[in-house]
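The block underneath contains the structure these notes are about, expressed in structure tokens.
The values are calculated or read from the model by the stated rules, or taken from the named source; none is laboratory data. These figures come from a predicted structure and were not determined experimentally. We place every Cβ from the backbone using ideal geometry, glycine too, and count neighbours over all the protein chains shown. The area values use the complete protein model at the heavy-atom level, side chains included, leaving out ligands, DNA and RNA. Shrake-Rupley method; radii C 1.70, N 1.55, O 1.52, S 1.80 Å.
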Amino acid sequence: MNGAPDTPVRVDLHMRSFSAELALPPGTDVLRASQPGTVPDVRAAVTAALAAPIASVPLAELCRSTIIKTAPRHPSVVVVVSDSTRPVPYKGEGGIMRPLLDALLTAGVKPGWITLLVATGTHRVLSDDEIWALFDDAVRQSGVRVHCHDATDPGLLVRVGRTSTGAGVLMNRRYVDADLRILTGLVEPHLMAGASGGRKSICPGLLNVQGVQDFHSPRVLADERATDMVLEGNPCHEIALSIARMVPGDFIVNVTMDRDGGVAGVFAGGMEQAHLAAFAHLRTFVEIPIDRLYDVVVAHSSHVGVNHYQAEKAAAVGAKAVRPGGYLVIVADTVDPDPVGTASYRRLIGLLTELGPEEFLRTITSDDWEFAHDQWGAQVWAQ
């Protein structure tokens, strides 16, 4: 929308822990994604999706066959969850975890057989208290266990294959050894992989550091197709999918959300097909046509921008609307204990500032450069 010629344009921003109102110059264009309808009863929607999934037998049937197949021992069930950098609706009246656990228990799975495994990728390891804070108290009291992936701990990893380039792929051992693997997550635009959710719970969520480095290599990120809302031909998506297929999830529960945090759709079933259905739904309301470039663009990082590293997602998308030589202003609610990012990321941002973007990109793509943790984050800012 356009502001009146002499009237400041006021815009409300809803962040993770606060809301803010911006007063912008008269005539400012406000570009918003459309607002989809929200699910009126999330519990009912999750229950229905589990009973009539996409490209899969119902979850209850999958549970019963797993129990029969593993008898006389008890099966291990891993439910992969996102970490605190992702606003997945796990708790509250609109939460997806309690109806999922209820479905597992009703199908004969005992609480002690279930582990909620946090797919951190190379993000920091969460404490047990931080993990439990993702869920309702009833989940903690149910008797399920929790565990956090650590990409740096070789004792938690097992080799599952090799990439097309010959690099070994190590994956979380608890996940690989599980008898039933369920992936959960949010499908939203992703600046490199096209969209989150689905295969990303595994790659990069449950990989070793080297595996994540290959997924985020300079060559991959330099490809113009490695961008938001593109899956076909996106090398980042294709690498993630090929690695996830090595030990695929047996079932996924993914959601789409509106800009106010309400659940817009629930998609359950086969890892690839259910994710594609969620992506198709996402496309109906998040894409914003832009018919010209702007001198100044103000964008916000919504719920995901918990630190400078995560705020790059808003920058990568917002920059597409800025003319060469223009300005981009990012608003982010940096509430993470590491409000900038890891020590490696801070060092790389310092190097980017010192060298400038062109020389920085030349440096990290040179043959004598040793890949550094979170390098991909600094590369996105440089690009």
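Compute the convex hull volume of the Cα atoms of the stretch 1-122, divide it by the residue count, and report the result per residue in Å³ as a whole number. Mind showing how you got there, number by number?
Values: hull volume 20.9 nm³, N = 122.
Taking only Cα atoms, the stretch 1-122 has a hull volume of 171 Å³ per residue.
Read through the labelled values (i) 21.2, 76; (ii) 25.5, 96; (iii) 22.3, 68 and report the label of the one computed as Rg and Dmax of the Cα atoms in Å from the structure.
Here the calculated entry is (i).
Based on the mean of other beta carbon atoms within 10 Å per residue, what is the order of 115-122, 367-374, 220-227, 126-133, most packed first? It would help to have the intermediate numbers written out before the result.
Working: 115-122: 22.5, 367-374: 12.2, 220-227: 17.0, 126-133: 14.2.
Order by mean packing, descending: 115-122, 220-227, 126-133, 367-374.
For labels at R32 and R362 in the simple 7 Å Cα→Cβ model, what's the distance in nm?
Placing both labels 7 Å along Cα→Cβ, they lie 4.6 nm apart.
Could you order K320, K313 by accessible surface area, starting with the largest, using a probe radius of 1.4 Å?
Working: K320 105, K313 35 Å².
These residues rank, largest area first, as K320, K313.
Can you pull the one-decimal nm distance between simple spin-label points at L293 and A71, each 7 Å off the Cα toward Cβ?
The answer from the label model is 6.7 nm.
Run a plain Debye calculation on the stretch 41-101 (Cα atoms as equal point scatterers, no solvent) and give log10 I(q)/I(0) at q = 0.24 Å⁻¹, rounded to two decimals, same order as the q list.
-1.07
May I ask you to list the aspartates and glutamates whose Cα is less than 20 Å away from that of K320, ignoring any residue fewer than eight positions away on the same chain?
Counting by Cα, and skipping residues close in sequence, K320 has these aspartates and glutamates nearby: D29, E188, D223, E224, D228, E232, E287, D291, D295, E312, E358.
Which shape class applies to the stretch 252-381: rounded if a/c is under 1.5, otherwise prolate when a/b exceeds b/c and oblate if not, where a ≥ b ≥ c are the square roots of the Cα gyration tensor eigenvalues?
Working: a/c = 1.89, a/b = 1.47, b/c = 1.28.
It is prolate, given that a/c is not under 1.5 and a/b is the larger ratio.
Could you do me a favour and compute the accessible area per residue for the chain, 1.4 Å probe, result in Å²? Kindly include the intermediate steps, with their values, before the conclusion.
On the way: 17190 Å² over 383 residues.
Counting only protein heavy atoms, the per-residue value for the chain is 45 Å².
With a Förster radius of 41 Å, plug the Cβ-Cβ distance of D153 and A55 into 1/(1 + (r/R0)^6) and report the FRET value to the nearest 0.05.
Step by step, r from the Cβ atoms, then E = 0.75.
Quick check: residue separation of A48 and V331 times 0.36 nm, minus the Cα distance between them. What number comes out in nm?
Values: separation 283, 0.36 × 283 = 101.88 nm, distance 3.78 nm.
Full-extension gain reported as 98.1 nm.
Name the lysines eligible as straight-distance cross-link partners of K200: C-alpha to C-alpha under 19 Å, and not fewer than 8 places from it in the same chain.
In chain and number order, the partners are K313.
Using a 1.4 Å probe on the protein chains only, how many percent of the accessible area of the stretch 163-305 belongs to carbon and sulfur?
Details: 2530 of 5100 Å².
Carbon and sulfur together cover 50 percent of it.
At 222 nm, what helix-only mean residue ellipticity would the chain give, in deg cm²/dmol to the nearest 500, using -39500 (n - 2.57) for each DSSP H run of four or more? Don't jump to the answer; show the numbers that get you there.
Working: 14 runs with 125 residues, N = 383.
My calculation for the chain gives -9000 deg cm²/dmol from helical runs alone.
Expressed in nm², what is the orientationally averaged projection area of the convex hull enclosing the Cα positions of the stretch 262-328? Kindly include the intermediate steps, with their values, before the conclusion.
Numbers: hull surface 24.8 nm².
Its average projected convex-hull area is 6.2 nm².
I'd like the carbon and sulfur percentage of the solvent accessible area for the stretch 1-160, probe radius 1.4 Å, heavy atoms only, ligands and nucleic acids excluded. If you can, show how the numbers build up before the last one.
On the way: 4340 of 7980 Å².
Heavy-atom surface of the stretch 1-160 belonging to carbon and sulfur, 1.4 Å probe: 54 percent.
Using Cα pairs under 8 angstrom and six or more residues apart, how large is the relative contact order of the stretch 249-334, in percent? Mind dumping the intermediate values first?
On the way: 127 pairs, mean separation 20.6, N = 86.
Relative contact order, the stretch 249-334: 24 percent.
Over the stretch 92-219, calculate the relative contact order: mean separation of alpha carbon pairs under 8 Å at least 6 apart, over the residue count, as a percent.
Values: 160 pairs, mean separation 31.5, N = 128.
Here the relative contact order equals 25 percent.
Please report, in whole Å, how far the alpha carbons of the stretch 175-291 spread along each principal axis, starting with the longest.
47, 33, 21
Output the relative contact order of the chain, whole-number percent, from Cα pairs under 8 angstrom with separation of 6+ residues.
On the way: 751 pairs, mean separation 61.8, N = 383.
Across the chain, relative contact order equals 16 percent.
Cross-link candidates for K110: which lysines have Cα within less than 23 Å, leaving aside residues fewer than 8 places away along the same chain?
The qualifying lysines are K69, K91.
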